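Participant: Can you keep this structure in mind? I'll have questions shortly.
The values are calculated or read from the model by the stated rules, or taken from the named source; none is laboratory data. Note that the coordinates shown come from a computational prediction; the quantities given were computed from them, not determined experimentally. Neighbour counts run over all protein chains shown; Cβ positions are idealised from the backbone, glycine included. Keep in mind that these areas ignore ligands, DNA and RNA; they rest on the heavy atoms of the full protein, side chains included. Shrake-Rupley method; radii C 1.70, N 1.55, O 1.52, S 1.80 Å.
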Amino acid sequence: MADIPQLTFNDGNTMPQFGFGIWQVPEDIAAEAVESALRLGYPLIDGAYLYLNEAGLGEGLRNSGVPRDDVFVTTKVWNNEQGRDKARASVERSLKTIGVDQLDLVLIHWPVPDQDLYVETWEAFIEMRDEGMMKSIGVSNFNADHLDRIIAATGVVPALNQIELNPELQQPRMRRENAERGIVTQAWTPLGGGRSFEKAPLTAAAKHHGKSPAQVVLRWHLQLGNAVISRSVNPGRQKENIDIFDFELTDAEMAEIATLDIGARTGPDPSVFKMM
Ligand SMILES: NC(=O)c1ccc[n+]([C@@H]2O[C@H](COP(=O)([O-])OP(=O)(O)OC[C@H]3O[C@@H](n4cnc5c(N)ncnc54)[C@H](OP(=O)(O)O)[C@@H]3O)[C@@H](O)[C@H]2O)c1
């Protein structure tokens, strides 16, 4: 099994740099997908209340036979459950639905600046972490101004910021903003919907290393220093996507891939997104 690097958070805890995400994995196959990923050696599962498959996450975890302590489990609090009491109820429900005593990481899913509850939610996260409901706390889709507000209000810096990041949206500024504050950047939709799989920097590197464009993209994330979560419900592609620890992209290949950045999101803009 692959030897997956660990990243160290600003709170001293560690997290595998690579893992498996379950957005859009239907609840009726989530357990099977999680079990298969864990058996293949994925050490981290990235869930969320919004994905409506936390029961499957827990079932897959138990069915896999992998000890609980060897799997890093993340979940997230959705937009309409921000605020002190609702955020607590959301995390309590996630613990119960997944069937674990403690989560490794819980994230505020989106800042939703319009409702202006993310500072209060962050204060609740700090209390819950201190009570042991989760080991670490972080955010997702936060811009620099959102980060600065919660840090100024509480003095507590998020362990991680999970943002959309792929070859067409390389987010150099947000990666720098996170790094300057001691925050790990984790990439969501790391393959970018395969928008650049046919582009020369990826096809050339894939040919050179005997890998697929998807493997080259996932490897590129690791070499940039991103934490990355990949998703597939297809066991063959699950195996392919974790088979990225036996080759290294050259500096020239990394530079070529950098030219694919067109700043184009597949998802919404965090400064305005407010879906409930
Ligand atoms: N915080 C947020 O707001 C947020 C937003 C979006 C996602 N996320 C998290 O990030 C995770 C990853 O993002 P994502 O789910 O969009 O994942 P992704 O890994 O970028 O893309 C998954 C899609 O690519 C296909 N795929 C996977 N491996 C492939 C391969 N080797 N070759 C060709 N196609 C392949 C999958 O199809 P098959 O399943 O058919 O293989 C699926 O349609 C999510 O699951 C979720 O945990 C977070």
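Participant: Taking a probe of 1.4 angstrom, what is the accessible area of LEU218 in Å², to the nearest 10?
Facilitator: Roll a 1.4 Å probe over it and LEU218 shows about 0 Å².
Participant: Modelled label-to-label distance, ILE29 and ARG68, 7 Å Cα→beta-carbon offset: nm?
Facilitator: Distance between the two pseudo-spin positions: 2.9 nm.
Participant: Still on this structure, I have one more. GLN223 to MET254: extension gain in nm, 0.36 nm per residue of separation minus the Cα-Cα distance?
Facilitator: Using 0.36 nm per residue and subtracting the Cα-Cα distance, I get 10.3 nm.
Participant: Could you pull out every one of the aspartates and glutamates with an alpha carbon less than 19 Å from that of LYS86, ignoring same-chain neighbours closer than 8 positions?
Facilitator: Result set, ordered by chain and number: GLU54, ASP114, ASP116, GLU120, GLU123, GLU127, ASP130, GLU131.
Participant: Step through the residues of the stretch 259-276 one at a time and calculate ³J(HN,Hα) from phi using the Karplus curve (6.51 cos²θ - 1.76 cosθ + 1.60, θ = phi - 60°), rounding each to whole Hz and writing x for Gly and Pro.
Facilitator: Couplings: 6, 7, 5, 10, x, 9, 7, 9, x, x, 7, x, 6, 10, 5, 9, 4, 9 Hz.
Participant: Go through GLY21, VAL139, ASN178 and say which Cα lies farthest out towards the positive end of the charge dipole of the chain; charges sit on Cβ, +1 for Lys and Arg, -1 for Asp and Glu.
Facilitator: Checked the options; the winner is GLY21.
Participant: At 222 nm, what helix-only mean residue ellipticity would the chain give, in deg cm²/dmol to the nearest 500, using -39500 (n - 2.57) for each DSSP H run of four or more?
Facilitator: Result for the chain, helices only: -12500 deg cm²/dmol.
Participant: Heavy atoms of the protein only, probe of 1.4 Å, neighbouring chains included. What is the accessible area of HIS209 in Å², nearest 10?
Facilitator: Surface accessible to solvent at HIS209 totals approximately 50 Å².
Participant: OK, next. Straight distance only, please: which aspartates and glutamates reach the Cα of LYS207 with their own Cα at less than 20 Å, same-chain residues fewer than 8 apart left out?
Facilitator: GLU198, GLU240, ASP243, ASP246, GLU248, ASP251, GLU253, GLU256
Participant: Probe of 1.4 angstrom, ligands and nucleic acids ignored: what's the accessible area per residue over the stretch 107-168, in square angstrom?
Facilitator: 29 Å²
Participant: In whole percent, what relative contact order does the stretch 141-228 give with Cα contacts below 8 Å and a gap of six or more residues?
Facilitator: Value for the stretch 141-228: 25 percent.
Participant: With all protein chains present, how much of the accessible area of the chain (probe radius 1.4 Å) comes from carbon and sulfur, to the nearest whole percent?
Facilitator: Carbon and sulfur together cover 50 percent of it.
Participant: In whole Hz and in residue order, list the ³J(HN,Hα) couplings for the stretch 48-53 that follow from phi through the Karplus curve 6.51 cos²θ - 1.76 cosθ + 1.60, θ = phi - 60°; x for Gly and Pro.
Facilitator: Coupling constants for the stretch 48-53: 6, 4, 4, 6, 6, 9 Hz.
Participant: Among DSSP beta bridges whose residues both lie in the stretch 1-134, state the antiparallel percentage, nearest 5.
Facilitator: Here the antiparallel bridges make up roughly 25 percent for the stretch 1-134.
Participant: Could you give the size of the charge dipole of the chain about its Cα centre, using +1 on the Cβ of each K and R and -1 on the Cβ of each D and E, expressed in debye and rounded to the nearest 20?
Facilitator: Here the size comes out at about 360 debye.
Participant: Also: Out of all DSSP beta bridges with both ends in the stretch 128-266, state the antiparallel percent to the nearest 5.
Facilitator: Given both bridge residues lie in the stretch 128-266, the antiparallel proportion sits at roughly 10 percent.
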